[in-house]
1. Collect residues whose amide H, placed 1.01 Å from N in the peptide plane, falls under 5 Å from the amide H of VAL55; neighbours closer than 5 in sequence don't count.
2. Given contacts defined as C-alpha pairs under 8 Å and at least six residues apart, what's the relative contact order of the chain, whole-number percent?
3. So which residue, out of THR88, THR46, THR16, gets the largest mean-square fluctuation from a GNM of the chain using Cα contacts under 10 Å as springs?
4. Which whole-Hz couplings ³J(HN,Hα) result when phi for each residue of segment 33-43 is put into the Karplus expression 6.51 cos²θ - 1.76 cosθ + 1.60, θ = phi - 60°, listed in order with x for Gly and Pro?
5. Given [x] 62, 39, 26; [y] 34, 30, 25; [z] 57, 34, 21 as candidate values of Cα extents along the principal axes in Å, which corresponds to the one derived from the coordinates?
6. For segment 77-84, just list the computed ³J(HN,Hα) in residue order, Karplus coefficients 6.51, -1.76 and 1.60, θ = phi - 60°, integers in Hz, with x standing in for Gly and Pro.
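Nothing in this text is a laboratory measurement; each read-out follows from the coordinates by a stated rule. Everything quoted here is computed from the prediction, not taken from an experiment.
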Amino acid sequence: MTVLTIILLAMVTFLTRYLFIHPKLPLNIGPRLERFLSYSGPTVLTAIWVPIIFVEHGKFNSDWSNPYLIAAIIAIIVAKVTRNVYLTIGLSVSVFVLCKFYLFT
């Protein structure tokens, strides 16, 4: 289901962008449709990260021993405080590796 959602939203995103870039198709959209389409990117990203963080072996996992959840929380905090992409990636990956291979083995 997740893969199907990702594929469908990627197709919607591509087609809507292509229709307005192609020179032989002079189309203009209204502000309501433009606002609606602005949600396709975050929707695709959410469809990718939610199962990675919360689904383990086909079951919902929000336990504090979930290294994906801990690393995601660290990533959110670091991104909000520092607004530095590289620091956010570095710290969250480091926390994930520490949790996955040393703390919760």
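1. Correct list: ASN61.
2. Working: 60 pairs, mean separation 21.5, N = 105.
It comes to 20 percent, rounded to a whole number.
3. Per the Cα network of the chain with a 10 Å cutoff, THR16 tops the list.
4. Per-residue couplings from phi come out as 5, 4, 5, 4, 6, 5, 8, 5, x, x, 5 Hz.
5. Step by step, Cα extents along the principal axes in Å for this structure corresponds to label [z].
6. Per residue, the Karplus-derived 3J(HN,Hα) values read 5, 5, 5, 5, 6, 9, 6, 10 Hz.
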